[in-house]
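The values are calculated or read from the model by the stated rules, or taken from the named source; none is laboratory data. Just so it is clear, the structure is predicted and the values come from calculations on it, not from any experiment. Neighbour counts run over all protein chains shown; Cβ positions are idealised from the backbone, glycine included. Side chains are part of the model used for accessible areas, which takes the heavy atoms of the whole protein and leaves out ligands, DNA and RNA. Shrake-Rupley method; radii C 1.70, N 1.55, O 1.52, S 1.80 Å.
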Amino acid sequence: MAHTINADGLRKRYGDVRAVDGVSFAVEEGEFFGILGPNGAGKTTALEIIEGLREADEGTVTVLGLPPWPRNPKLLPRIGVQLQASAFFERLTAREQLQTFASLYGVPARKADAMLEAVGLTGKAGERVEKLSGGQAQRLSIACALVHDPELVFLDEPTAALDPQARRNLWDVLRQINTAGRTIVLTTHYMDEAESLCDRVAIMDGGKILRMGPPATLVRGLDAPARISVASGVLPLDDARALPGADEAADDGVSLTVETRDPSAVVAALAARDALTGVQIRGATLEDVFLDLTGREYRA
Amino acid sequence: MSTWQSFRSLARAMFLGFRRDRGALFFTVLFPLMFLVVFGGVFGHQTSSKVDIVEIGAAPLIDGALAHDADLRKTMKVTRYATSAAALRKVEKGDASAAVEQRDGTLVVHYSAADQVKAGTVRGLLGAVVQAANQEASGKPPTYRMSDVQVEDDSLKAIQFFTPSLLGWALASAGVFGASQTLVTWRTKGMLRRLRLSPAPIATVFGARVAVSLAVAMVQLGLFLAVAQLPVFGLKLVGAWWMAIPTVVAGVLAFLGIGMLIGAWAKTQETAQSVTQLVVLPMAFLGGSFFPLDDAPVWMRTLSYVFPLRYLNEAMLNVMGRGLGPGSALPQIGVLLGVAVVTAFIASRLFRWDAS
């Protein structure tokens with residue numbers, strides 16, 4: 001079966017900066033694919049090449065079997081793109097905005113209300129876009145990208161600059177879009193977002209893809225220790241270090257944290273000592289993967 | 001998919017956006033109309049006033065002349081005062097041109113030297129009255145006569161000048177501002193990229209913007225003509241005034257071209273705004289929107305030929321003010337369309353889809 005997206009050896013440089021430096025990946029139909037990396041990693045440039053907004057210096061890309069560059073009117077109705085929340089017609093209401101975008105795709109204007117409903121903006125239909133909050137504007141922007149029912153949706157940092165509550169609301173919307181059978185490509189610099197939403201992520205830095213795979217596989221591949229923490233003071237620090245399976249232990253005055261590659265042994269030992277007050281167990285995250293790959297702390 | 005449908009709904013979206021923009025509405029429609037009302041009102045009634053004369057007691061010489069020659073009332077207005085103190089004060093304050101009293105055969109004229117022209121006029125006029133009375137008293141027919149013939153007055157009335165020229169200014173600022181702001185705003189906010197990723201042809205998007213500007217220009221034209229034709233201002237549309245419509249279309253296209261050029265070149269909204277100001281205001285002054293170029297110094301008239309607004313003003317003046325035939329606007333329309341083509345071409349060379 002043909003891939004929904006097939007990118008092969010993409011390169012793009014601006015002067016001396018190699019924004020995209022040999023990026024290859026394929027996205028399958030119905031997949032939720034994430035490109036994850038800090039600002040300046042080259043995510044957006046890579047995405048723009050695939051969408052057909054920029055021409056790659058080198059490499060080839062096909063989207064739904066078609067070349068996106070130069071501007072391809074056969075491809076455009078089949079993809080939906082959310083670029084930035086502010087890309088709206090000025091002074092129109094949320095409904096008028098959707099109606100106008102719908103007409104650009106030859107979709108009947110009545111589709112607008114269904115889209116407002118889908119992103120939970122029915123109550124804001126008559127509100128001008130300038131009056132919407134950041135989260136509402138993002139949801140409207142996504143609705144505009146979906147109004148013509150595209151097979152493939154690109155979302156460029158949809159949750160950037162949103163508060164945590166608005167981010168979680170948006171995640172729900174994004175999951176629904178994906179459940180409806182669409183392929184989604186998302187860029188983000190939030191590790192937790194990629195972990196929570198994506199079937200597969202490509203971790204990008206310095207214009208290159210460092211690693212690619214399902215988030216859980218990437219994390220497990222690390223062989224990083226689990227961290228088990230309990231309330232500070234339930235156990236002396238030296239006793240904690242001596243627990244079976246414990247690699248390292250530390251007490252910061254709030255929590256006593258034990259690092260281990262054998263969490264069941266440590267938890268059993270803590271339970272035997274009745275020392276499970278406030279217990280939390282954390283495995284490695286994509287942040288640890290990034291740290292492992294680049295040797296530096298992840299900064300979003 | 002229907003291009004026409006995309007065009008219509010884009011045009012509707014942009015028109016709604018314009019209608020809801022109070023600032024743009026004020027500056028492109030209301031503000032120039034205010035100028036029309038003020039200029040039309042101030043300069044519209046600038047006919048020279050009559051010579052005001054105050055009689056102290058009865059002055060049979062004057063009364064006789066007025067009874068004899070009805071035309072004299074067109075130039076002279078006479079009021080009678082009983083006492084000389086009140087009459088003289090009126091002259092001192094400049095409310096009357098002269099106070100006259102008749103002492104037997106002598107007509108005494110009290111005038112103020114504050115306004116030399118007024119004083120000269122009133123002395124000449126009253127001198128003529130006295131001469132005529134003398135001549136008649138002699139009983140002989142006059143040796144010399146003067147015969148006067150009136151010529152048709154074809155100088156422009158204020159409203160005939162200000163309606164087309166202030167409209168020209170309004171169209172220029174609406175056109176240049178509209179195009180440059182739209183282009184820069186759409187680029188900096190990512191709207192151009194977003195539209196590029198929709199299947200609607202780019203020509204449709206720009207066509208819709210041009211259509212909205214033309215519609216706004218027609219509204220401006222209609223409002224200007226409606227206000228100028230109010231009895232207070234008294235503009236009369238005669239002859240080939242309808243040629244103003246194609247002239248306005250050509251003018252708007254030229255200004256949109258200039259605006260697109262600015263919008264394609266400028267990186268930020270602030271730059272676009274100040275450059276637009278720098279273009280529109282001098283063009284309005286030197287293109288003859290605020291005063292008739294006929295009275296301007298030669299260098300200014302020569303300079304005015306570089307401004308497209310000059311051609312728009314001239315063409316509209318020809319067909320709306322001077323009452324010339326429809327062909328009198330054609331050369332200017334040609335120039336304006338030329339400006340539109342050239343600026344649009346350069347703008348398309350400078351055009352960028354995104355800000356970075």
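Averaging 1/r over every pair of different alpha carbons in segment A:5-220 and inverting the result gives a Kirkwood radius of 17.6 Å.
Pairs of Cα atoms in segment A:101-177 fall into 5 Å distance bins, from 0 up to the last occupied one, in shares of 3, 15, 28, 26, 19, 7, 1, 0 percent. The loop-placed trypsin sites (Lys or Arg not before Pro) in segment B:134-226, going by DSSP, that have at most 14 neighbouring Cβ atoms within 10 Å of their Cβ come out as B:ARG145.
With the helix formula -39500 (n - 2.57) applied to DSSP H stretches of n ≥ 4, chain A reaches a computed 222 nm mean residue ellipticity of -9000 deg cm²/dmol.
Computed from the C-beta positions of B:LEU281 and B:ARG8 and an R0 of 30 Å, the FRET efficiency is 0.30 to the nearest 0.05. Taking label points 7 Å from Cα along the Cα-to-Cβ direction, A:ASP247 and B:ASP115 give a separation of 10.3 nm.
Computing Rg and the Kirkwood Rh from the Cα coordinates of segment A:132-194 gives a ratio, Rg/Rh, of 0.93.
Each 5 Å bin, from zero up to the one with the longest distance, holds this percent of the alpha carbon pairs of segment A:51-132: 3, 13, 19, 20, 15, 12, 10, 6, 2, 0. Annotation: the antiparallel percentage among DSSP beta bridges lying fully within chain A is about 65.
Given C-alpha coordinates of segment B:220-318, what is the ratio Rg to Rh with the Kirkwood estimate of Rh? Looking at segment B:220-318, the ratio lands at 1.03. Using only side-chain charges placed at the Cβ, +1 for Lys and Arg and -1 for Asp and Glu, the dipole size of segment B:51-138 relative to its Cα centre rounds to 260 debye. Relative to its Kirkwood radius, the Cα radius of gyration of chain B gives an Rg/Rh of 1.21.
Placing R0 at 45 angstrom, the Cβ-Cβ distance between A:ASP16 and A:VAL279 gives a FRET efficiency of 0.30 after rounding to 0.05.
Each semi-axis of the equivalent ellipsoid for segment A:181-223 is √(5λ) with λ an eigenvalue of the Cα gyration tensor; in descending order they amount to 17, 14, 10 Å. Counting, for every residue in A:143-156, the Cβ atoms of other protein chains within 10 Å of its Cβ and taking the mean gives 1.
Note down the magnitude of the dipole of the protein assembly as shown about its Cα centre, charges +1 on Lys and Arg C-beta and -1 on Asp and Glu C-beta and zero elsewhere, to the nearest 20 debye. My answer is approximately 2240 debye. Put simply, when A:101-108, B:199-206 are sorted by average Cβ atoms within 10 angstrom per residue, most first, you get A:101-108, B:199-206. A run of chain A free of exposed loop cleavage sites, with trypsin sites (Lys or Arg not before Pro) counted only in DSSP states other than H, G, I, E and B and at most 11 other beta carbons within 10 Å, reaches its longest extent at A:111-295. Take the accessible area of chain A alone and of chain B alone, subtract that of the pair, and you get about 2900 Å² summed over both chains, using a 1.4 Å probe. If the Kirkwood radius is taken over C-alpha pairs of segment A:226-283, then at 20 °C and 1.002 mPa s the Stokes-Einstein diffusion coefficient equals 201 µm²/s.
Computed in the context of the full set of protein chains, the accessible area of segment A:226-283 at 1.4 Å probe radius has 50% of its extent on carbon or sulfur. Which residue, A:PRO164, A:ALA2, B:MET283, has the largest displacement toward the positive end of the dipole of the protein assembly as shown when charges sit on each Cβ (Lys, Arg +1; Asp, Glu -1)? Of A:PRO164, A:ALA2, B:MET283, it is B:MET283. If R0 is taken as 45 Å, the Cβ-Cβ distance between A:SER196 and B:THR271 corresponds to a FRET efficiency of 0.60. The ratio of the alpha-carbon radius of gyration of segment B:258-297 to the globular-protein estimate 2.2 N^0.38 Å is 1.47. Spin-label model, A:LEU237 to B:THR79: label points 7 Å out along the Cα-to-beta-carbon direction sit 10.6 nm apart.
Amide H contacts of B:LYS77 (H built 1.01 Å from N, in plane; Pro and chain starts excluded): B:VAL51, B:ASP52, B:ILE53 sit under 5 Å, all sequence-distant by 5 or more or on other chains. The fraction of Cα-Cα pairs per 5 angstrom bin, counted from 0 for segment B:187-269, comes to 3, 11, 16, 18, 16, 11, 9, 7, 5, 4, 1 percent, rounded to whole percents. Put simply, the C-alpha atoms of segment A:204-300 give a gyration tensor, and the ellipsoid matching it has half-axes of 31, 14, 10 Å, longest first.
When only Cα pairs below 8 angstrom with a gap of at least 6 residues are kept, segment A:241-300 shows a relative contact order of 21 percent. Computed with the Debye formula from one identical point scatterer per Cα of segment B:16-117, without solvent, the log10 of I(q)/I(0) at q = 0.18 Å⁻¹ comes to -0.90. Screening chain B for whole DSSP H helices of 20 Å or more along their axis (Cα) with average Kyte-Doolittle hydropathy at least 1.6 returns B:202-228, B:244-265, B:330-350.
The residues of the protein assembly as shown expose, per residue, 48 Å² of accessible area to a 1.4 Å probe.
Look at the dipole of segment B:51-138 built from charges on Cβ: of B:VAL91, B:ALA132, B:THR75, the Cα furthest out on the positive end belongs to B:VAL91. Classify segment B:52-103 as rounded, prolate or oblate, taking a ≥ b ≥ c as the square roots of the eigenvalues of its Cα gyration tensor: rounded when a/c is under 1.5, otherwise prolate if a/b is larger than b/c and oblate if not. Oblate. If both residues of a DSSP beta bridge must be in segment B:51-138, then about 40% of such bridges are antiparallel. When the listed pairs A:LYS124/B:LYS267; A:LYS74/A:LYS111; A:LYS74/A:LYS131 are checked against a 29 Å cut-off, the alpha-carbon distance exceeds it for A:LYS124/B:LYS267; A:LYS74/A:LYS131. The alpha-carbon atoms of the protein assembly as shown, seen along their principal axes, cover 147, 58, 48 angstrom, with the largest extent given first.
Modelled label-to-label distance, B:ARG20 and B:MET218, 7 Å Cα→beta-carbon offset: nm? The answer from the label model is 2.4 nm.
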